[in-house]
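One structure is given below, encoded as structure tokens.
The values are calculated or read from the model by the stated rules, or taken from the named source; none is laboratory data. Since this is a predicted model, take the numbers as computed values, not measurements. A quick note on method: Cβ atoms are made from the backbone with ideal geometry, for glycine too, and the neighbour counts reach across all protein chains shown. Just so you know, the surface numbers come from the protein's heavy atoms only, side chains and all, with ligands and any DNA or RNA stripped out. Shrake-Rupley method; radii C 1.70, N 1.55, O 1.52, S 1.80 Å.
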Amino acid sequence: MHVHIVDDEPELLTSLSVILRRAGHEVTCFSNARAFLAVARDLTPGCVLLDLHLPDINGLTVQRELVRMDCGHAVILLTGVGEIPDAVSAMRAGALDFIRKPYRAAELLEAVTHAEQAVAAYAEKRARAQRFAALNKLSTREREVLSALAGGGPSKTVAYDLGISVRTVEMHRANILKKLDVPNIGAALLMAQAGAMLSS
């Protein structure tokens, strides 16, 4: 799991890094928000341990910017005494959790585990959305061919029903597989049904 720490306290960066690396995580440290935001889109999606009160940009602002970027990071806020209302506001804006300083190692690692699950779920959701977006690439005729193929008949029957040649059906079939990036027409039909293109 990639963990990106954003905090202006060198001692905290060091201690967090040691604990997380010992637990098998890959760690990247940033001492200010601007440096982190400059590369946030390019970083491997992971858990962001974000100090709520950074000297250059407030953690709430950083959290809002990450939501706007939609780069797949799960944010855990590091908060001090009296900052709980701000942490709650950040969670309402999309942060996953908050940890009060001084933190406990067990609490930290548990929160990072939850973040790892959230990052994986987000990646799966995004991949699913991208695959369904491919359905929009199909032409009207390709959609008609795919719908006709759902009946289970051979290309000859589909060609007859649509008033086109068998060769044209096969051409559309090949284009459908290519556009949807699936190995066979059965997988294309499953995707189309899941994407509400076909009636169940």
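Taking the Cβ of D181 as the centre, find all other residues whose Cβ is under 11 Å away and add up their charges (Lys, Arg: +1; Asp, Glu: -1). Walk me through the intermediate numbers first.
On the way: positive: R131, K137, K178, K179; negative: none.
Cβ neighbours under 11 Å give a net charge of +4.
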Geometric extent, Cα atoms of segment 1-138 - Rg, Dmax (angstrom) = 15.2, 55
Give the cross-link partners of K156 among the aspartates and glutamates, using a straight C-alpha distance below 13 Å as the criterion and excluding same-chain residues fewer than 8 apart.
-> E170
Dipole of the chain [Lys/Arg +1, Asp/Glu -1 at C-beta], most positive-end residue of A194, H2, A115 = A194
Quick calc, segment 71-200, dipole around Cα centre from Cβ unit charges on Lys, Arg (+) and Asp, Glu (-), nearest 20 debye, gives 500
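Give me the 1.4 Å probe accessible area per residue for the chain, excluding ligands and nucleic acids, in Å².
On the way: 10870 Å² over 200 residues.
Heavy-atom SASA per residue in the chain reads 54 Å².
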Take every Cα pair under 8 Å in the chain that's 6+ residues apart, average their separations, divide by the length, and report that relative contact order as a whole percent.
-> 14
Dividing the Cα radius of gyration by the Kirkwood radius, what Rg/Rh value follows for segment 53-103?
-> 0.95
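Where in the chain are the helices, taken as whole DSSP H runs, whose Cα atoms extend 27 angstrom or more along the long axis and whose Kyte-Doolittle mean reaches at least 0.0? Each step should come with its number before you reach the end.
Values: long enough: 105-133 (41 Å, -0.17).
Within the chain not a single helix satisfies the rule.
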What percentage of the solvent-accessible surface of the chain, computed with a 1.4 Å probe over protein heavy atoms, is contributed by carbon and sulfur atoms?
-> 53
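Of all beta bridges DSSP finds with both residues in the chain, what is the antiparallel percent, to the nearest 5?
Details: 0 of 18 bridges.
Antiparallel bridges make up about 0 percent of those DSSP assigns within the chain.
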Options I19, L146, A127, ranked by Cα towards positive dipole end of the chain, top entry (Cβ charges) = L146
Partner lysines for K137 [C-alpha distance under 21 Å; skip if fewer than 8 residues away on the same chain] | K125, K178, K179
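Give, rounded to the nearest 20 debye, the magnitude of the charge dipole that segment 1-159 has about its Cα centre when Lys and Arg contribute +1 at Cβ and Asp and Glu contribute -1 at Cβ. Show your work: numbers first, answer last.
On the way: 18 positive and 19 negative charges, 205 e Å.
Computed about the Cα centre, the dipole is about 980 debye.
What does the charge dipole of segment 83-134 about its Cα centre add up to, to the nearest 20 debye, if the Cβ of each Lys and Arg holds +1 and the Cβ of each Asp and Glu holds -1?
Values: 8 positive and 7 negative charges, 56 e Å.
For this selection, approximately 260 debye.
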